[in-house]
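The values are calculated or read from the model by the stated rules, or taken from the named source; none is laboratory data. Everything numeric here is computed off the predicted structure, so don't read it as measured data. So basically every Cβ, Gly included, is an ideal-geometry build from the backbone, and we count neighbours across all protein chains shown. These accessible areas exclude ligands, DNA and RNA; they are computed on the full protein's heavy atoms, side chains included. Shrake-Rupley method; radii C 1.70, N 1.55, O 1.52, S 1.80 Å.
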Amino acid sequence: MVTQLKGKHFLTTDDWTKQELDTVFETAFDLKRKFALGESTRYLQDKTLFMMFFEQSTRTRNSMEAGMTQLGGHAHDLTPDKMQLSHGESAKDTAIILSRMGHGIASRNCFYGIGKDYLAEMAKYSTRPVMSLQDDVYHPFQGLADLMTIFEYFGRTPKGLKVTVSWAYADTHAKPLSVPQTQALLFPRYGIDLTIAHPKEFPLSDYIVEKAKKNAELGGGSLNFTNDMDEGIEGAHIVIPKNWGGFGNYGIQEYLDNEEEISMQMRTDLEKYHDWICDERRIKLADKNVKLMHALPADRNHEVTDAVIDNPDISIVYDEAENRLHTAKAIMALTM
Ligand code: CP
């Protein structure tokens, strides 16, 4: 167990050793048990977390705010319109000032080519831990909740477990790459055999795939890709249908210079793949005891049918969502 985590930033699980992550999971399981028993866990009494959300959120915002309350502290729920950053105040000045007034900073900024760098800039200047609540590249809190849920259903050593993350159609905004990229980086470190299925127009970023393959080698898992959703799901113990935008096709500068044109191209590409849905036919291709996971919100009847996501024998999405609370509390209690 690693106990020297006070002050450590949490921007990606990739910056945390497996031993450190194991400490987080042990803490999360302990906090979950205490939550169920109604035991007090006021480890952050009188402490303040500043949360800055550049985008909407249900699970992340509430797991952090409820988590801080349950840990005895308080979270400020900030949005750009409430802050001087809407008038151009820098990430550096914001980080220095907030870190002098409280004990942690957490932010969600998913703008492609901007979010991760914004958080890194805050971390550079903050004297308190900075946490990513999702950016354009990583969603580390989601990765922790996913893995905790996998441990609960399949045991703490999921070596050889077949997990499939499949791109799926969605009728909403172009979602960031951060969820599948975090899963690609994290799951194989625990011995999981991860398959990522996606249409050729919706790849992950090359540098993340390269790093994820190295992680798989070290962790004893594997990482495979297919452009066929059926093939990807065949025999899987866990299926995670998830839409993401075609950002991985474009360099950051290329995207920032041609945002309107690229967004239109991504929309055109998206419309070719309405049939990429996790439905009852496809879920039958998986292992007979398959579980369905999803970070939520789900684009119901586009990414996954109601019949699959509402099937209590298959779907564990609400356990996964609840685990956002326990893992968030673990990171905050250990780092703040
Ligand atoms: N999974 C997730 O991050 O959900 P929210 O967008 O509601 O926070």
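The residues of segment 41-68 that are more than 16 Å from the ligand (Cβ to nearest atom), among the hydroxyl-bearing types (Ser, Thr, Tyr) and open to solvent by 50 Å² or more (accessible area, probe 1.4 Å) amount to a single one, Tyr43. Screening Leu119, Leu71 for residues that are within 17 Å of Lys6 (Cα to Cα), crowded, with 22+ Cβ neighbours inside 10 Å and more than 13 Å from the ligand (Cβ to nearest atom) leaves exactly one candidate, Leu71. Condition check for Lys6 on (1) within 23 Å of the chain's Cα centre (by Cα); (2) exposed (fewer than 15 other Cβ atoms within 10 Å of the Cβ); (3) within 27 Å of Val179 (Cβ to Cβ): one failure, at (3). Scan segment 96-135 for residues that are within 17 Å of Gln84 (Cβ to Cβ) and not hydrophobic (A, V, I, L, M, F, W, C) and the total you get is 9. Cβ-Cβ contacts under 8 Å between residues 6 or more apart (or on different chains), taken from a first residue in segment 103-127 that is under 22 Å from Gly73 (Cβ atoms) and in a loop (DSSP other than H, G, I, E, B) to a second residue that is polar (S, T, N, Q) and more than 16 Å from the ligand (Cβ to nearest atom), are listed as His103/Thr48; Ser126/Ser99; Thr127/Ser99. Taken together, the residues in segment 167-185 that are in contact with an Asp or Glu (Cβ under 9 Å, 6 or more places away or on another chain), open to solvent by less than 10 Å² (accessible area, probe 1.4 Å) and not hydrophobic (A, V, I, L, M, F, W, C) amount to 4. Listed by position, the helices (runs of 4 or more DSSP H) inside segment 217-306 whose residues that are over 30 Å from Gly113 (Cβ atoms) and among the aliphatic types (A, V, I, L, M) number at least 1 are 229-233, 280-283.
Taking (1) open to solvent by less than 20 Å² (accessible area, probe 1.4 Å); (2) modelled with pLDDT under 95; (3) not aliphatic (A, V, I, L, M) in turn, Pro241 satisfies each apart from (2). Phe111 fails exactly one of the following numbered conditions: (1) more than 16 Å from the ligand (Cβ to nearest atom); (2) touching an Asp or Glu at 6+ places or on another chain (Cβ under 9 Å). What is the number of that condition? Here Phe111 meets the rest and fails (1).
Listed conditions (1) without any contact (Cβ under 8 Å) to a residue 60 or more places away in the chain; (2) in contact with a Phe, Trp or Tyr (Cβ under 7 Å, 6 or more places away or on another chain) are all met by Asp93, apart from (2).
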